[in-house]
1. Between GLU383 and ASP162, what is the label-to-label distance in nm when each label sits 7 Å out along the Cα-to-Cβ direction?
2. How far, in degrees from 0 to 90, does helix 278-293 lean away from the longest principal axis of the Cα atoms of the chain, to the nearest 10?
3. Any chance you could check the Cα centroid distance between segment 664-706 and segment 278-299 for me, in angstrom?
4. Can you give me the convex hull volume of the Cα atoms of segment 1-109, divided per residue and expressed in Å³?
5. What length, rounded to one decimal in nm, is gained on full extension from GLU763 through to ASN735, with 0.36 nm per residue of separation minus their alpha-carbon distance?
6. Taking every pair of distinct Cα atoms and averaging 1/r, then inverting, what Kirkwood hydrodynamic radius in Å comes out for the chain?
7. If you bin every alpha carbon distance in segment 31-79 into 5 Å steps from zero, what whole percent lands in each bin?
8. At R0 = 22 Å, how high is the FRET efficiency between LYS223 and ASP371 if r is their beta carbon distance? Nearest 0.05 is fine.
Amino acid sequence: MKHYIERDVPFELHEVNILGAEDEDLEEISRESGVGLSLDEMKMVKEHFEELDRNPTDLELEAIGQAWSEHCCYKSSKPILKDTVFDIEAPQNIYVIEEDAGVVEFDDEHAYVVALESHNHPSAIEPYGGAATGIGGIVRDVTCMGAQPLAFVDPLFFGPLDMDYEELPSGTKHPRYLFNGVVHGISDYGNRLGIPTLAGMVYFDESYTSNCLVNVGCIGIAKKEELIRSRVKEPGDVFIVAGGRTGRDGIHGVTFASDELREDSEEEDIGAVQLGDPITKEPLIHASLELNRKNLLQGMKDFGGGGLSCVAGEMALAGGYGAEVQLHKVPLKEDDMAPWEIWVSESQERMMYAVKEEDVERVLEICKKWDVEATRIGRVIDEKRVKVYYEDEKIMDLDLEFQTGGPTYCRPTEIVEYTEEVEEEEPELPEDHEKVLLELLSRDNINSKEWVIRQYDHEVRENTILKPLQGVLGNQGPGDASVIKPLEGSFKGITITTDVLPSLTSLDPKAGAMNTLDEAIRNLVSVGSRPHSFADCLNFGNPEIPERLGDFKRVAEGLGEAARSLNIPFVSGNVSFYNQTEYGAVKPTPSILACGLIEDVRESITMDLKEESNPVYLVGETKGAMGGSEYYRMVGGNTGKVPKVDIERLETSMEEMLKAHSEGLIRSCHDISLGGLGVALSEMCLAGNMGVKIEIATELRSDDFLFSESPTRWLVEVDEEDVDEFEKTFSVPINRLGVTGGKDLHIDINSEVIDVELEKIRETWKTSLAEKMGE
């Protein structure tokens with residue numbers, strides 16, 4: 001059977017012979033066209049067009065393929081998300097979940113805007129371009145809400161940097177190459193755009209070798225009266241496309257992201273990777289924000305996944321209307337593009353404006369002033385359909401609710417109790433705790449990320465109060481959260497952190513997810529801020545495999561249970577499935593972007609030790625659940641006992657820590673996370689260029705106490721004169737460990753002694769990653 005019938009028109013257009021297609025033909029059409037629809041979905045399309053008594057055009061089938069992709073319609077995740085993380089009501093919510101970015105109250109007149117997304121598959125094929133266009137896309141999500149972008153974040157995940165080339169799976173790039181390209185892509189794009197990258201993380205694990213993860217986020221600020229929606233307002237409004245031209249880059253980006261990577265993905269799918277241009281993006285942001293401030297826009301939406309196909313339909317349907325588009329008017333990079341290519345291209349640096357007829361000329365003038373190309377391409381119509389014309393020929397006429405609705409699946413899930421499968425193997429008590437500590441500090445999940453951080457501009461825009469590296473100049477350590485001051489005339493600030501614990505989520509997905517939120521909260525509280533909102537980027541394997549979707553369900557349950565109990569809403573999010581190859585799936589990776597508010601940024605606290613002879617306290621309880629800890633991974637220990645979060649204890653601890661902050665009782669503070677208390681103490685000493693003398697008596701094994709990653713714990717430095725007041729503040733367990741001073745880290749625990757010079761710690765911690773990257 002002939003699958004495509006050429007239309008008699010003066011341009012490239014085909015009718016897809018779907019009405020006469022058998023099951024095998026439907027599957028072949030889906031493969032040939034690249035729309036990525038399953039047989040059942042192709043049957044749904046066939047039934048729809050049987051009712052219309054006609055075949056679809058290639059453009060119409062492509063439009064359905066984009067809209068029904070996992071990336072766009074969340075067909076496997078939506079039922080689970082609705083039961084877990086959606087609809088957490090909180091007074092700070094303005095627009096949550098329903099838009100391209102979450103909008104949350106900052107003060108009486110302003111809102112902050114948050115978005116977090118993935119650009120995983122493109123970065124695995126072309127790391128520099130994939131990461132750069134990830135930044136380019138996320139900044140548009142924030143801008144199209146009417147917000148000025150303030151900062152980027154970048155949680156990144158790669159295979160081991162020291163992996164032998166002989167061990168690489170076929171068709172896979174080396175983790176060092178990917179890591180280097182991704183970091184340079186983010187830094188080049190962000191720095192040129194003039195927006196600082198202020199928070200992030202890098203995590204290395206074998207599961208990311210053949211499928212790296214590149215998550216990027218953005219935070220912005222807007223006046224409440226200037227917030228704008230990604231929707232039209234009334235029939236007759238004009239669609240204007242502004243910014244970069246449309247090309248063949250980024251075609252089938254969403255369908256590429258909705259399938260597993262394969263050995264031949266680079267050769268087959270390189271066209272799905274977009275090409276970024278920050279020099280075009282910057283004036284587009286300025287023009288968009290000026291147009292919005294002058295109340296010249298009815299709605300605004302960025303061109304993301306699915307390109308014009310999705311943006312026109314989604315804007316129109318969100319307003320309760322439809323769209324009519326003159327496709328031949330779209331400015332092109334290449335003159336010979338077929339209409340379907342124009343319709344689904346995901347070329348970067350483009351915005352869609354909905355504009356009143358009487359304001360069109362003013363909009364075009366302001367765009368011209370900013371040297372931004374802008375073109376009128378269509379209008380809003382009263383019926384809920386998308387009608388597309390090319391040189392006066394109607395080439396698409398689809399019911400919008402059918403096109404954008406997409407299927408929703410309640411796929412089978414299988415809950416695997418991974419902890420029950422672990423063969424318990426307790427390591428021998430180490431003879432040399434100092435050696436263990438130094439080895440932990442050299443591991444790539446713990447050592448200094450200065451090689452990454454120094455490539456990013458942190459000062460641009462002059463809003464940054466606390467940067468990713470904190471402490472004495474030249475000796476900085478890893479800060480818990482960054483702090484920005486978004487407004488002139490106000491000292492109120494936003495605090496930012498990103499977190500995830502893949503080693504825990506892979507053992508116990510629900511407990512790992514709750515530990516991830518616990519760590520995010522600890523980081524925000526460490527600097528003196530109140531946790532205020534979450535955004536998530538949920539990276540998982542193939543959802544059609546019941547075990548993988550079971551992991552997703554358990555993670556979502558953990559996130560929802562913790563956030564709902566604390567009344568901290570998820571305001572924005574993204575799901576990235578199919579992070580899987582023939583060599584396996586990535587570990588469950590629910591990246592979290594957490595934002596807090598601090599009333600006065602001048603009161604924010606850093607993690608570096610401040611003054612000699614000050615007491616150091618441990619806030620929280622250390623337990624011996626070592627499952628998933630970096631220490632056990634290093635020494636080959638195995639246990640199914642993973643740390644569990646006590647939500648009531650977490651909430652009490654948070655409130656009491658914030659009370660101590662507000663009363664000025666805390667000089668320095670650092671949360672205890674990877675590597676446990678031993679690593680956290682080392683980092684505080686390094687950042688303050690000051691030693692500490694600690695004495696601990698514990699019923700736990702000395703190595704368990706030092707390297708446990710039990711949740712809800714902080715190390716706090718207090719002035720001696722404030723000790724009584726500090727101790728009265730807490731009902732949760734606290735323990736005075738010792739005092740600051742000297743140039744050594746000295747720990748006496750159950751008569752086991754660590755006594756190591758700071759310079760030795762610094763050399764180990766600071767140089768390990770840089771040396772692997774050839775510096």
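1. 6.7
2. Helix 278-293 and the main axis of the chain meet at about 80 degrees.
3. The two parts, judged by their Cα centres, are 48 Å apart.
4. Once divided by residue count, the hull of segment 1-109 is 163 Å³.
5. Full extension from GLU763 to ASN735 adds 7.1 nm.
6. That comes to 27.0 Å for the chain.
7. All Cα pairs, binned at 5 Å, distribute as 5, 20, 28, 26, 13, 6, 1 percent.
8. Working from the Cβ atoms, E equals 0.25.
The values are calculated or read from the model by the stated rules, or taken from the named source; none is laboratory data. These numbers come from a predicted model, not from an experiment. Methodologically, a virtual Cβ is constructed for each residue, glycine included, from the backbone with ideal geometry; neighbour enumeration extends over all protein chains shown. Just so you know, the surface numbers come from the protein's heavy atoms only, side chains and all, with ligands and any DNA or RNA stripped out. Shrake-Rupley method; radii C 1.70, N 1.55, O 1.52, S 1.80 Å.
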